[in-house]
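Since every read-out is calculated from the coordinates, none of them should be taken as a lab result. Note that the coordinates shown come from a computational prediction; the quantities given were computed from them, not determined experimentally. When we count neighbours, we look across all protein chains shown, and the Cβ atoms used for this are built from the backbone with ideal geometry, even at glycine.
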Amino acid sequence: MSIRLDVVTIFPDYLAPLDLSLIGKARREGLVDLHVHDLRDFTHDRHRTVDDTPFGGGAGMVMKPQPWAEALDHVLAQPLVSGNVVDMASTRRTQEGVGHAVPRLIVPGPGGVPFSQALAHELAAEAWLAFACGRYEGLDERVYEHAAERMPVTVVSLGDYVLNGGEVAVLAMVEAIVRLVPGVVGNAESLVEESHEDGLLEYPVYTKPAVWDDRGTERPVPPILLSGNHCAIAQWRHQQRLERTAARRPDLLHPSATGGALAALDGR
Ligand code: 6GU
């Protein structure tokens, strides 16, 4: 089982870190089949123009629909093969019989559904993902209509702040997704005892020395961790997770206290 990833961007070099570390190794081992496409290759003018001014006025530039449509159609035309066998699981069935596979398209943007560990698991289970990296004020809305008629489309946000484009978001999302693909992380146990896998943040960890001389200040490891009492250690760690979550992410403990936009809707 492997996952195919296609990324369309005007900055292919931004995705160079995907050659490194865990993801690079997964690619070399054939667990991840990553293809980066330059949006400008799908323009037809001398200046390779990808943007233009917004109808109705306003600040900034909007990405033109035509290069995006051609780029996404090019990605769609790629065969999905895993170990030389056409993947049947993500193959769309048509009236003529068995159709061709389509990716699930992820469009990174601050107006999307929140990215989460749960969504990372969902996407890691797909055979094929495509990412459309927007820049400027975003894509012409008709790109979404074109895409949605051909494949499932999800706009996804990393959080409530604004990046200049989707590339850095794709780096983060691909890292979160690829490490969940079976075989990519050697010790699968290390995936379950993590922040956000069960709704609590992780407990603090320590290694040798048991007492660290920090240039005159002695910093000991919590003594319970040296006790050899595994039951007491498990209890201490769980308590640490609760305290840490309450301090840093109270929203995880009290999901109804989200406030913000819904309260604004009510006029509260
Ligand atoms: Cl996914 N994209 C952009 N451009 N900005 C963001 C984001 C994504 N998530 C938060 N801000």
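Electrostatic tally near E193: other residues with Cβ closer than 13 Å to its Cβ, Lys and Arg +1, Asp and Glu -1, net -3. About the centre of its Cα atoms, segment 198-265 shows a dipole size close to 40 debye [charges on the beta carbon of Lys, Arg (+1) and Asp, Glu (-1) only; nearest 20 debye]. Quick note on the chain: its Rg to Rh ratio, both from C-alpha atoms and Rh being the Kirkwood radius, is 1.05. Between E145 and H74, full extension at 0.36 nm per residue minus the direct alpha carbon distance yields a gain of 23.9 nm.
Dipole of segment 3-178 computed with +1 at Lys/Arg Cβ and -1 at Asp/Glu Cβ about the Cα centre; of P17, A148, A127, farthest Cα towards the positive end is A127.
Once both labels are positioned 7 Å from their Cα atoms along Cα-to-Cβ, the gap between K25 and H230 label points is 2.7 nm.
Note on the chain: dipole from Cβ charges, positive end direction compared against L201, A71, V221; the farthest Cα belongs to V221.
When Lys and Arg each count +1 and Asp and Glu each count -1, what net charge do the other residues less than 12 Å away from A71, Cβ to Cβ, add up to? Spell out each step's value before the answer.
Numbers: positive: R40, K64; negative: D6, D38, D41, E70, D73.
Summing Lys/Arg as +1 and Asp/Glu as -1 gives -3.
Calculated [222 nm] ellipticity per residue, helices only, for the chain: -8500 deg cm²/dmol; basis is -39500 (n - 2.57) per DSSP H run with n ≥ 4, divided by all residues, nearest 500.
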